[in-house]
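As structure tokens, the structure follows; a few thoughts come after it.
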């Protein structure tokens, strides 16, 4: 028996010695030589920004490997990046950009106006899968009078033009096979993309600007939030870009080894009505539904103490934000009054098309119980993302639906009566159109504020809450972006002690 | 034997053809259009039509199948709808994780099952026999991912001696590191797999132990261990080999599940992603490759059984 025990102990000890040295996995080097390990749930599909690469491309490559003429900062401001200067004609139809001098691509080619032209054309091309494609419909022509000058001629004024340009990655026009390789101008080059696992970036020594503060960045991709959390706890990663499991936060919240950052998000959870069909064509009914829902309780039950209430489509990082949360207050008695005024004193019932993935099913159950209190019966119809796209978005065959809308500055969709939710208000359409043609940002802001107020008064949709953007990091790393607007994650300022 | 081989091979090919049809048709029964995956929420009708043309979902089903089956015959798994990248190289890369995981887990599971099964049989009227049988029962009842989660909690989060998941960036360049990443997944699958196998080994061993030829061998002066080694093993292994074929296939399926628990870049994780995204070429590619694996294992198990047991060769092929 003793011999057996000794044998067992030896085997266990040997296993521990063999495995102990390589457990964990983060490199010990700190400072300039550090490798920053980042955990993310958004692996790119491929590496192309215009060829269906998805959100993961923006997160890993935007600002890190690729740069635009402009950059959207983590605070939501638009700043010049590869554009040295801009000149706008008096009628607002001609934009002349001068490119920064001395910029080269990772392949060694110098940045020229032809690269800018071809990069923008890749976004607007027929086979482009860029979500930003339609925002460049206003471009009439792009000219390149010399190597460092690009001239855009627009068919109408577009005050968002430079903002929209911040989404365009400038790629070498000689580059081929952008789905698996890159040729950008950013502070990192792509080292290796191991599909299903990691994407690593290495500091580029010939970068035109300030060099990255770390030597290497590795994005580790997870398909489930629990594995990602485990990796942070066991030291395999340093940062989680976007925490999606609020239940797991408590293990990091009260622990000095980690920092939980509550950043600004642009993702809105919406109860979208089909404003074309009864009874939701009646604004009183929409307002009644809005007032019957205790959003604070909902947000708390889904996200704990995180996230924020909003009263319109506009998140605080958009320039035209105002606090409109009280326009449709939580007030079940008011809801009943409104329903009676609309002729539905005894309530009504409707079908809520609910995407099958989190958090929609839980939100749907909550709405069902809240609305039952004012006499409205909700029938939950669970559908896949794919069905949602066909049934709701394309065929408009729905009464109401839940959906998340992730983009910033997307209140303008209420100016499109053909959009899936069918909100149709001539004033709003005019304000949205005028705002895009505004001469100054003040004017634009003024008009879009009027849009916010009007859609809130009309309860065009129910804006349930703004998601939190939670970055969790080991406490020995600093300098990471906490807002991650438009899914970007600039890694060049991250420092590990 | 040769005519048996030919017939068995024909059956293999036929099974593969049937599997191709089933895989194709079942996927098309899913609701929604795969083209949707290519589109964003502000797509125009023209973009939607272009996406459908791109993935071919606007063409008749028969035509889609003919195109696809033609590709399969040329060992061309096509290109992913979502990423636009070819499927075959990715499947091959993922097999570098899934195949070693499956085979090592199978080998470990088999070793555990042989020890535990023989132990449970020999000690069937002793306390340890009962205990081993009890553990086997328990192992059959618990789901593989749950065992994985428990092991992660113990060895990665509490003790910190093994990584919680992931696979080295340089693959097998440093085999020690790669094996370390696979240690917990291998143990997880082996535990669950060995549980069901232990019962078969135990039953087969009990059969052998109670047999006349073993008694004869022992009467001839052999010890129990010698008798088992010389005569029991070969006789006992025939039913076990058939089960092994099935178990190896099941192990592959277990690997598919466990890869997601341990974030391993194998076929299983690729399959889950592909299903979530309606990426037909990827789903089909993985299913075809894993179906082929299962059929080949079955084929090999049949042949192995006949090699071990001459009686099967005679009765089935009929040429005495």
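For the reader, a short list of remarks on this structure follows.
- R0 of 41 Å, Cβ-Cβ distance residue A:253-residue A:457: FRET efficiency to nearest 0.05: 0.60
- Mean Cβ count within 10 Å, highest first, over the residues of peptides A:62-70, A:416-424, A:204-212: A:62-70, A:416-424, A:204-212
- Neighbouring Cβ atoms from other chains, within 10 Å of the Cβ of residues in A:222-235, number 5 on average.
- Within 10 Å of each Cβ in A:385-392, the average number of Cβ atoms from other chains: 5
- Backbone N under 16 Å from the residue A:418 label point (7 Å along Cα→Cβ), restricted to segment A:133-151: A:133-138
- Computed lengthening from residue B:230 to residue B:146, 0.36 nm per intervening residue step minus Cα-Cα distance: 26.2 nm
- Between the beta carbons of residue B:207 and residue A:180, assuming R0 = 45 Å, the FRET efficiency works out to 0.20 to the nearest 0.05.
- Peptides A:218-226, A:163-171 ordered by average Cβ neighbours within 10 Å, highest first: A:163-171, A:218-226
- Principal-axis analysis of the Cα atoms of chain B puts helix B:127-141 at an angle of about 10° to the longest axis.
- Relative packing of peptides B:272-283, A:358-369 - highest average C-beta neighbours within 10 Å first: B:272-283, A:358-369
- Rounded to the nearest whole angstrom, the semi-axes of the ellipsoid equivalent to segment B:121-231, taken from the Cα gyration tensor as √(5λ), stand at 39, 18, 11, largest first.
- Shape analysis of chain B based on the Cα gyration tensor places the equivalent ellipsoid semi-axes at 44, 27, 15 Å, largest first.
- log10 of Debye I(q)/I(0), alpha-carbon scatterers only, for the protein assembly as shown at 0.10 Å⁻¹: -1.17
- Beta bridges assigned by DSSP with both partners in chain A are antiparallel in approximately 75 percent of cases.
- Compactness relative to 2.2 N^0.38 Å, alpha carbon Rg of segment B:229-320: 1.48
- Space enclosed by the convex hull of the alpha-carbon atoms of segment B:55-190, per residue, Å³: 195 Å³
- For segment A:29-98, the spread of Cα positions along each principal axis, largest first, Å: 52, 33, 20
- Nearest 10 degrees, 0 to 90: helix B:87-122 Cα axis against chain B principal axis: 20 degrees
- Springs between Cα atoms under 10 Å define the GNM used for chain B, and in it the highest mean-square fluctuation of B:214, B:292, B:244 occurs at B:214.
- The calculated FRET efficiency for residue A:426 paired with residue A:114, based on their beta-carbon distance and R0 = 60 Å, is about 0.90.
- Cα-based helix-to-principal-axis angle, B:45-55 vs chain B, degrees rounded to 10: 40 degrees
- Residue-averaged beta-carbon neighbours from other chains (10 angstrom radius) around B:144-157: 2
Coordinate-derived values only; no laboratory data. These numbers come from a predicted model, not from an experiment. Cβ coordinates were reconstructed from backbone atoms using ideal geometry, including for glycine residues, and neighbour counts include every protein chain displayed.
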